[in-house]
Amino acid sequence: MGDSVERLKQRLPLIEYLKRHNWSGRRTGCRPEFVGLCPLHRETRPSFYVNVAKNVFYCHGCGQGGDLIRFVELFRCLSFRQSVTHLEQELGSQVRDQSLSGMLAQAAAFYQLELHRYPEAMRYLEGRGLRHSGIIEELGIGYAPGGNLRRHLSCLGYSLDQLLKSGLISQQGRDVFIKRVIFPCTEHDSQVVNLYGRSIGAAFPHRLLPHSKGGLLAWKSIRHFSSLILVEGPFDVAVLWQAGFRNTTCALGTHLTSAQVAQLCERPGRRVYIAFDQDENQVGQQTARQLARLLESAALDVRIVQLPHGQDPNSYFLTRATAVDFAACLERSQRP
Ligand SMILES: [Zn+2]
């Protein structure tokens, strides 16, 4: 038992387990140590320390401490033996997730290269007002022409069974993404967990694979901002980045998963501007108000941004609005 528990702790380090459950910490000085909010008791100032070298935790708030097994006992209210079983299952699912994530990352990289080989894809991006090649690169934007991914992934050694399970290939053996601009969706910093495809033709505009949509878009590069702009779609993010609003992200739609809400809450008191589509039927505005109330109850400082009638951030910039105009919209934003 002892040996296998030691092996388990080595294969699934405490910090990895915590990150998988949406805990985030910052490094303390030059020690191999991270500090963040305690998952075991409610607090607003971080007092939960994780020593990565010793693979242990200690909380100065509630006085709890120990190794991974001890953490799981407390966090999930399980016995020692139940905790070990839980962790063995967790490790199994992590191995499966990693092979899926590896394949999705390969597909995203392939689509990124394809983008520059298809003039219609670049024309589409230009039509949406996106020209900055650095931002296209940074967001990992690619293009799926359709009809060549299956061969590429098969050459990399993935079996047909794996391809079908990934959702990238249909039961009929064809590529699922055809004539779509692709954005990779990530989780735990940079692990690719899904791909979003925006049709550039007549097909239904939005398509995601049947997996979790992951965290907020490009979270790794914006999580340090104390004020964030939350928009609906990835093109809104891209054009706002291009206009200098680098603190913009989206949840791919108006619904935030609990993990995405937790990301916004990483910094207590953070200001969040919600800039959803200003549609005819007011759906965007209604969901913005509901979301605003939810975020306010989680101690965030929320503002609702009103764009001109019928606009979303992307179309607003296409109607020749400038960064100054958008900054004025932020300025005029209101508490829910
Ligand atoms: Zn605690």
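The values are calculated or read from the model by the stated rules, or taken from the named source; none is laboratory data. The structure displayed is predicted, hence computed values, not measured ones. All Cβ positions, glycine included, derive from the backbone under ideal geometry; neighbour counts span all protein chains shown. These accessible areas exclude ligands, DNA and RNA; they are computed on the full protein's heavy atoms, side chains included. Shrake-Rupley method; radii C 1.70, N 1.55, O 1.52, S 1.80 Å.
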Between Lys220 and Gln171, with labels modelled 7 Å along Cα→Cβ, what's the label distance in nm to one decimal, could you check? 3.6
Where does the Debye-calculated log10 I(q)/I(0) of segment 217-260 sit at q = 0.15 Å⁻¹, using only Cα point scatterers of equal weight, no solvent? -0.32
With a cut-off of 8 Å between alpha carbons and a minimum separation of six or more residues, what is the relative contact order of segment 63-219 in percent? 19
Going by average Cβ density within 10 Å per residue, which order do the peptides 138-151, 115-128 take, highest to lowest? 138-151, 115-128
Ranking request for peptides 312-321, 274-283: highest mean number of other beta-carbon atoms within 10 Å first, then the rest in descending order. 312-321, 274-283
Using a 1.4 angstrom probe, figure out how much accessible area the chain has per residue, in square angstrom, rounded to the nearest whole. 50
Measure up Lys19/Lys220; Lys165/Lys213; Lys9/Lys54; Lys179/Lys220; Lys19/Lys213 against 20 Å on the Cα-Cα distance and list the ones that go over. Lys179/Lys220
Going toward the positive end of the dipole of the chain, with +1 on Lys and Arg Cβ and -1 on Asp and Glu Cβ, which of Ile169, Ala262, Cys77 do you reach last? Cys77
Could you check what % of the DSSP bridge pairs in the chain are antiparallel, to the nearest 5? 70
Grab the Cα-Cα distance for Ser99 and Val5, subtract it from 0.36 nm times how many residues apart they are, and report the gain in nm with one decimal. 31.4 nm
Per its Cα gyration tensor (rounded if a/c is under 1.5, else prolate when a/b beats b/c, else oblate), the chain is best filed as oblate
Residue-count net charge about Gly201 - beta-carbon cut-off 10 Å; Lys, Arg +1, Asp, Glu -1: +1
If I stretch the segment between Cys77 and Glu90 completely, what's the gain in nm (0.36 nm per residue apart, minus their alpha carbon distance), one decimal? 3.1 nm
Over the chain, relative contact order from alpha-carbon pairs under 8 Å, at least 6 apart, %: 10
Only helices counted: for the chain, with every DSSP H run of 4 or more residues adding -39500 (n - 2.57) and the sum spread over all residues, [θ] at 222 nm is -12500 deg cm²/dmol
